[in-house]
Amino acid sequence: MTVHEKHRDLKEVTIPVAGMTCAACVRRVEKALSGIPGVEEATVNLSAGKAGVTYDPAVCDIPEMASRIQEIGYEVPAAHINLLVLGMTPGHCEHVIGPAVRGLSGVQDVSFNFATDTVTVDFLDSVVQAAEIKKVIRGLGYEVQDKGEGADSLDRERELRQQEIRRQTRNMLISWPVATIVMILTFSMYEPLDSLLPDWSDSKVLLFALTTPLVFGPGRQFFVHSWNGLRRGVTDMNLLYATGIGAAYGIAVINTFFPDAGFGGERAVFYEAAALLIAFIVLGRYLEAITRGRTSESIRKLMTLRPRRATVLRDGQEAEIPADEVIVGDIVIVRPGDAIPVDGKVTEGYSSVDESMISGESIPVEKSAGDDVIAGTINKTGAFRFEASRVGADMAISQIIRLVEEAQASKAPIQALADRVAGHFILGVHALALAVFVFWFFAGYDLWFDASTRLMLTPYELTGLEVFGFALLVSVTVLIISCPCAVGLATPAAMMAGTGKGAEYGILFKGADAVEAVSKVQTVILDKTGTLTRGEPSVTNVIPADPAVAHADEVLALAASCEKNSEHPLGEAIVEEARERGLDIREPEAFDSIPGLGVEATLGGVAALLGNRALMQDRGVDISGQIAEAERLENEGKTVMFVASSGRMVGLVAVADTLKDTSVQAVRELRRMGLQVVMLTGDNARTADAIARQVEVDRVLAEVLPQDKAAEVRKLQEEGQIVAMVGDGVNDAPALAQADVGIAIGSGADVARETGNIILIRDDVLDVAAAVQVGRRTMRLVRQNLIWAFGYNMAAIPLAAGILYPLTNQIVSPELAALLMALSSFSVTMNTLRMRGYRPPSRRGPSTLARDAPTAFQHTAVEVTS
Amino acid sequence: MTESNVSRIAAFVYTGVSVASAAIFLAVTLAGDYDWVARAGGAFWVFFLTLIISMPTVIPMLRERVRGAS
């Protein structure tokens with residue numbers, strides 16, 4: 001659970017809610033929370049199992065919300081911790097520690113065991129950290145140690161899910177064998193069963209004796225839940241089940257003990273319908289309990305990345321402590337195979353670190369002194385030490401989890417319709433069941449009832465059924481066959497899978513609306529500097545005037561020596577390149593920077609020049625032999641500098657902001673996906689065109705000042721385009737905000753400060769394509785799920801209502817209706833699970849190979865003429 | 001108006017609506033050729049379904065009205 005300040009008075013909190021099964025549960029929890037004075041807004045996401053609440057902390061608090069959720073039959077998985085608190089005395093210390101700990105927001109309960117010096121605290125672990133609780137107790141003068149028996153909310157949630165699976169497994173083990181026996185006994189008068197079973201096997205009393213424990217055992221949950229909801233004015237799926245099971249069982253009991261009561265007599269005992277109905281619903285619940293957990297696997301994977309222990313240096317000694325007790329500034333020791341416990345900066349040692357769990361990048365990243373390390377990543381080979389810079393909720397992994405959780409708890413615009421329908425579905429179905437009953441009672445039965453009426457896929461003949469029994473049967477079948485669960489699950493389940501899948505690849509969607517919006521994007525604007533290019537100049541060409549006189553490396557070494565003391569970015573790029581090539585860079589005896597022209601230096605008593613045409617012409621250096629080459633390079637958008645020594649031309653050095661390795665591939669991929677790609681830059685038109693030709697964008701917007709970027713985005717929107725803007729989340733914030741979808745690229749570990757709807761952890765433009773692909777794929781799943789869910793209900797409900805009866809003389813049996821209903825919601829979940837194996841095309845093998853291959857621009861970038 | 005008052009009034013309203021529906025159903029059956037089991041059973045089923053429909057409709061509606069008035 002997470003809490004954020006919304007504005008001056010209101011706060012936002014995300015509360016985990018366990019035990020919800022359908023869209024009606026969502027409405028129940030939303031209604032219950034909205035009913036608390038001080039709650040401004042409550043939004044519940046079924047798949048994520050989370051409730052996002054905006055509330056006024058002066059009026060209500062989190063424990064009140066948790067207890068209201070629990071009151072209506074759901075659970076709020078809380079963490080608990082057992083602390084060994086030394087120095088406590090009974091009778092006094094509980095009055096000291098208790099109020100102090102209870103005073104922390106998020107603490108639900110505190111209990112004391114003085115015999116074992118244990119304080120047990122139940123708390124909502126995203127509102128308050130275990131470390132804060134320990135700190136408060138320490139602050140009261142006690143010595144506190146973690147007893148190591150605590151369970152965080154993830155364990156608790158898993159435990160609850162396991163409990164649910166165990167409960168439904170137990171229900172299955174009871175209901176299926178009994179339901180099968182009841183069905184066999186029901187049909188015991190038919191061939192070949194009649195010859196195999198004794199005469200008493202079709203005894204209605206026997207069927208009653210078998211079915212009754214089933215109805216009040218595994219079936220009891222439906223009656224209890226629906227009653228709990230009804231008396232608070234809310235309905236859920238359980239009500240449909242309870243009505244269906246109750247009606248089938250009630251009629252059977254009446255016809256067993258009062259066969260002449262007119263309810264169809266002994267031929268109309270639907271014990272097998274009640275029994276199979278329970279069995280199928282329990283099967284559906286069991287399958288959902290298993291598969292629902294899998295759709296939230298991504299977030300679970302992220303959560304499990306947070307290591308629990310850390311080895312730190314305290315007073316010069318190594319000490320293993322809980323990771324949540326590491327403080328900023330601690331020196332943390334990491335050995336081969338260790339998970340990195342908190343964020344920090346390497347101080348000594350060298351290793352390679354697997355960051356794939358954060359960035360999706362499969363190749364380990366080398367780390368040495370000065371490099372940042374991220375909590376949750378795995379150290380591979382070497383050992384190193386680092387200084388903790390961010391701990392607890394500030395860590396990148398915590399921020400990522402928060403972002404993904406919030407995205408999963410949010411609702412996409414497409415979900416609004418589904419929610420409206422699902423929310424009123426149950427009442428609608430009951431109203432329809434009433435209408436169907438009235439119709440068949442007063443009109444349908446007289447018009448079409450035939451003595452040869454059968455239940456679909458059964459040998460049952462309903463000859464003895466009278467008007468009430470028939471109308472009731474059809475009415476009950478309508479209740480059973482409808483499945484609002486599928487409608488309610490369709491969008492959130494797919495959104496959850498999509499946002500989770502994005503997180504696996506370092507693509508963080510800030511909300512379900514971002515997923516929907518990115519799937520509709522028509523134009524992608526890429527900021528040139530820092531997005532398509534590296535954002536810092538580097539040497540692209542070194543061309544000697546006469547290779548017989550001076551080699552390219554000699555030209556570069558001369559240029560670098562001139563610039564050795566320069567702080568100009570172009571000079572720094574030349575020095576950097578020379579260093580990388582291992583060239584000897586001499587210290588100039590004299591150095592003079594000439595603004596707007598270049599530099600003049602004295603090297604070994606010889607005058608050297610590095611600068612533009614004007615500098616050379618001013619000093620009388622003949623550059624005529626190099627002009628053509630210089631113009632060619634300038635047409636490629638590069639800055640050309642002439643190098644001269646002793647008044648003679650030595651060569652050219654070209655410097656440019658180079659494209660990132662994947663830029664060409666990314667633009668190609670985006671265009672292949674049918675998107676218009678626009679490059680936005682402050683450069684002049686010639687430089688911009690040169691880059692644009694290399695990356696093959698559709699359109700260039702050059703000479704755009706930083707403050708005008710948002711206006712350019714707006715212009716494209718006014719042309720009717722749905723625009724995604726890709727840029728630096730900090731500098732390009734206004735343009736990202738203006739765009740329909742803002743994509744902040746290369747945030748690395750610092751995801752919190754980024755603006756934009758989508759955050760790309762890696763500095764790779766290909767991830768823009770991947771984000772669009774994940775968005776499109778997710779929305780395709782949403783549409784498939786919605787079509788299935790709505791389609792199923794639209795087809796199944798009329799069928800159950802007897803629309804085909806006048807033609808076929810067959811009606812849907814309650815047990816067949818139960819089977820179809822269970823399969824409907826199961827199929828939506830299964831369809832969503834297909835996302836698990838999905839890999840965005842831009843992150844598949846061939847693209848990765850293409851990414852590693854040199855691009856056309858790279859050829860020019862490494863071009864050296866010697 | 002207190003929460004318990006709202007619940008009491010709501011119970012009165014939805015029970016009344018359900019009884020009225022069942023009574024209308026029963027009255028209509030009197031005009032036709034139905035046995036008493038069908039009439040009573042049908043009236044009960046109509047009462048039951050109407051109760052299920054009206055309970056979650058009436059309770060929040062009254063609560064909203066009370067909240068709006070306070």
Taking the alpha-carbon set of segment A:610-674, what are its Rg and Dmax in Å?
17.1, 56
The set of residues whose placed amide H lies less than 5 Å from the amide H of residue A:801, leaving out same-chain residues fewer than 5 positions away, is none
Quick one: which of A:270-276, A:214-220 comes out on top by average Cβ neighbours within 10 Å, and what's the full order, highest first?
A:270-276, A:214-220
Once label points are set 7 Å from the Cα along Cα→Cβ at both residue A:320 and residue A:833, what is their separation, rounded to one decimal in nm?
3.7 nm
Percent relative contact order for chain B, counting Cα pairs under 8 Å at least six residues apart, stands at 49 percent
Counting only residues 5 or more places away or on other chains, whose amide H sits under 5 Å from the amide H of residue A:657 once H atoms are built in the peptide plane?
A:538
For residue A:309, residues with placed amide H under 5 Å, excluding near neighbours:
A:323
Cα-based helix-to-principal-axis angle, B:3-30 vs chain B, degrees rounded to 10
20 degrees
Linear extension gain, residue A:368 paired with residue A:380, 0.36 nm per residue minus alpha-carbon span:
3.0 nm
Show me A:626-638, B:48-60, A:607-619 ranked by packing, highest mean number of other Cβ atoms within 10 Å first.
B:48-60, A:607-619, A:626-638
Starting from 0 in steps of 5 Å, tell me what percent of the Cα-Cα pairs of segment A:694-836 lands in each bin.
2, 8, 12, 13, 12, 10, 8, 7, 6, 6, 6, 5, 3, 1, 0, 0
Segment A:662-714: mean projected area of Cα convex hull, nm²:
3.7 nm²
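No value in this document is a laboratory result; all are computed from the given coordinates. Quick caveat, the model's predicted, so the values are computed rather than measured. Ideal geometry is used to build each Cβ from the backbone, glycine not excepted, and the neighbour counts take in all protein chains shown.
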